[in-house]
Amino acid sequence: MKNATPLIWRNSADRYNLLGSHCATCGTDYFPERVVCPKCRRKGKIEPKQMPPEGKIYSFTQVHAAPTGFEHETPYYIAIIELANGVKVLTQLVDSPDEKIKIGATARMCFRRVFEEGDEGIIAYGFKFKVV
Amino acid sequence: MVGIVGYGAYVPRMRVKVAEIARVWGKDGGRIGEGLGINEKAVASFDEDSCTFAVEASRTAVKCAGINPQEIGALFVGSESKPYAVKPTATMVAEALGATPNLTAADLEFACKAGTAGVQACMGMVSSGMIKYGLAVGSDTAQGRPNDALEYSAGGGGAALLIGKEKTIAEIDATYSFTTDTPDFWRRQHAEFPRHAGRFTAEPAYFKHVLSAAKGLFERTGTEPKDYDYAVFHQPNGKFPLRAAKTLGFEEKKIKQGLITPFIGNTYSAAAMIGLSSVLDVAKPGQKILVVSYGSGAGSDAFKLTVTNEIEKTGRRPCVPVLKAIEDKTYIDYSAYIKHRRKIKSL
């Protein structure tokens, strides 16, 4: 990925800390963050909210044919984690032995490198999850 | 009095055995392991570096302290394996903690002792009233050149100490440093691996500075080894700290709890701080701890700590003690090790 610096920087708050949104009108949490609440539309009142760092595996798969930048990490797992507040997050699973990766298993957020712009570019850090 | 309000340590999950590294180079692994006092070392995975270690350790320290991260006024990350040559790790750690923007932050480098140099900087700023809390982190993904003696010992890990005046779990009664210009270990600009002066790293380097710092602290505080319940020394291998302890007159049982290198290798800037974390996991109120770090180049920072009653309160220690956390591990072979540490040229 070329010149991803603006993208990495704009996303750093939610990638570092699972910072999402909360609609004060209907009480719904969102991740990633939203500008407008799709339920309340103009009546919605969106404010930033940190998502809970723990959840359960809702679904998972193992990646063998990786996108550019992840080729050397194969095979690796990605999963949809259903957080404690019901919000679902797509993430890489790390440090988790195969036998522990099951639907319903508890997973916790950790801080990792996600991708980098070659040897000289910016490194994107962010959340991944590990089964506990 | 200024002291430690929270602490956290992080050690990556993967391990490579000294015997496995020796196998590749046709050496006697048993003899090397015995000589170093190291069985295996912790290895950072492909997506880990000294920044990710620093964030994990710092999050634990802040959680145990139970403070608002916005109250952190200074953050120093000590490392000799920074992900960027120019761009501070400290700002990324501060952002990940939610401590930005009202704080000062910087990366420190002093081989293996930049983390404790950060502790001293935070002590000064907290004592003077400049800041309420300061966070000092030591974190490294140490690299050894393939087939070099360092390859058997250079591990990875991070530790963070939150320094403040209120609700301290251990007070820092005194600190003393001993510093000289000693070229025992270095890495030049743009060089991938550090170089060292072989046996020269022992007597005129490690032992001279560690022992002088410890003795200097004893003199200034009117204490002696029998006054301490635990001692933690920088641990480039499993043997040096044992010999330093013996020379000073510490019984071996006083340093066992803080001697982690035999299980995870030398974690450089984090080594003494992970050792201290392990001691704080079990220390009782009133107990006294000696900590002496060492950084090549060279210098040692010595600290005298007294554990307070606060340490026994719920949530003030991390959920998982250091010695328990390092049991959660996966062994890898040398091929996986050089892949994860990006020692293969195309990576």
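The values are calculated or read from the model by the stated rules, or taken from the named source; none is laboratory data. Keep in mind it's a predicted model, so treat the numbers as computed, not measured. So basically every Cβ, Gly included, is an ideal-geometry build from the backbone, and we count neighbours across all protein chains shown. Quick note on the areas: whole protein, heavy atoms, side chains included, nothing else; ligands and nucleic acids left out. Shrake-Rupley method; radii C 1.70, N 1.55, O 1.52, S 1.80 Å.
Summed over region B:88-138, the residues that are part of a strand (DSSP E or B) and in contact with a helix residue (DSSP H, G or I) (Cβ under 8 Å, 6 or more places away or on another chain) give a count of 12. Considered as a group, the residues in region B:1-13 that are aliphatic (A, V, I, L, M) and surrounded by 19 or more Cβ atoms within 10 Å (Cβ to Cβ) include one that is farthest from the other protein chains (Cβ to nearest Cβ), and that residue is B:2. Does residue B:205 meet the test of being among the aliphatic types (A, V, I, L, M), open to solvent by less than 60 Å² (accessible area, probe 1.4 Å) and part of a loop (DSSP other than H, G, I, E, B)? No.
Residues of region B:209-236 that are farther than 20 Å from residue B:268 by Cβ and in a loop (DSSP other than H, G, I, E, B): B:222, B:223, B:224, B:228, B:229.
Count of region B:96-116 residues, restricted to those that are more than 14 Å from chain A (Cβ to nearest Cβ) and either among the β-branched types (Val, Ile, Thr) or open to solvent by 30 Å² or more (accessible area, probe 1.4 Å) (or both), is 10. Taking only region A:5-36 into account, find how many residues are closer than 20 Å to residue B:69 by Cα and in a loop (DSSP other than H, G, I, E, B). Of the residues in that region, 1 qualify. Restricting attention to region A:100-112, and to residues there that are in contact with a strand residue (DSSP E or B) (Cβ under 6 Å, 6 or more places away or on another chain) and under 19 Å from residue B:141 (Cα atoms), which single residue is nearest to the other protein chains (Cβ to nearest Cβ)? Once the filter is applied, the top-ranked residue is A:112. The criterion of at least 2 residues that are within 14 Å of another protein chain (Cβ to nearest Cβ) is met, among strands (runs of 3 or more DSSP E) falling completely within region B:14-87, by B:14-17, B:40-43. The set of residues in region A:89-99 that are surrounded by 16 or more Cβ atoms within 10 Å (Cβ to Cβ) and within 14 Å of chain B (Cβ to nearest Cβ) comprises A:91, A:92, A:93, A:94, A:95, A:96.
Taken across region A:57-79, residues that are within 24 Å of residue B:328 (Cα to Cα), within 10 Å of another protein chain (Cβ to nearest Cβ) and hydrophobic (A, V, I, L, M, F, W, C) do not occur at all. Quick check on residue B:172: is it more than 30 Å from residue B:14 (Cα to Cα), at pLDDT 95 or above, of a type in the set (A, V, I, L, M, F, W, C) and in a loop (DSSP other than H, G, I, E, B)? In short, no. Contact map, region A:9-29: first residue within 19 Å of residue A:108 (Cα to Cα) and more than 9 Å from every other protein chain (Cβ to nearest Cβ), second residue assigned to a strand (DSSP E or B) and acidic (Asp, Glu), Cβ cut-off under 9 Å, separation 6 or more or different chains; pairs are A:20/A:29.
Within the set of pairs 6+ apart or on separate chains, which have a first residue in region B:235-247 that is assigned by TED's automatic domain parsing to the domain that holds residue B:155, a second that is surrounded by 19 or more Cβ atoms within 10 Å (Cβ to Cβ) and not charged (D, E, K, R), and C-beta atoms under 8 Å apart? Listed by first residue and then by second, the contacts come to nothing, as the list is empty.
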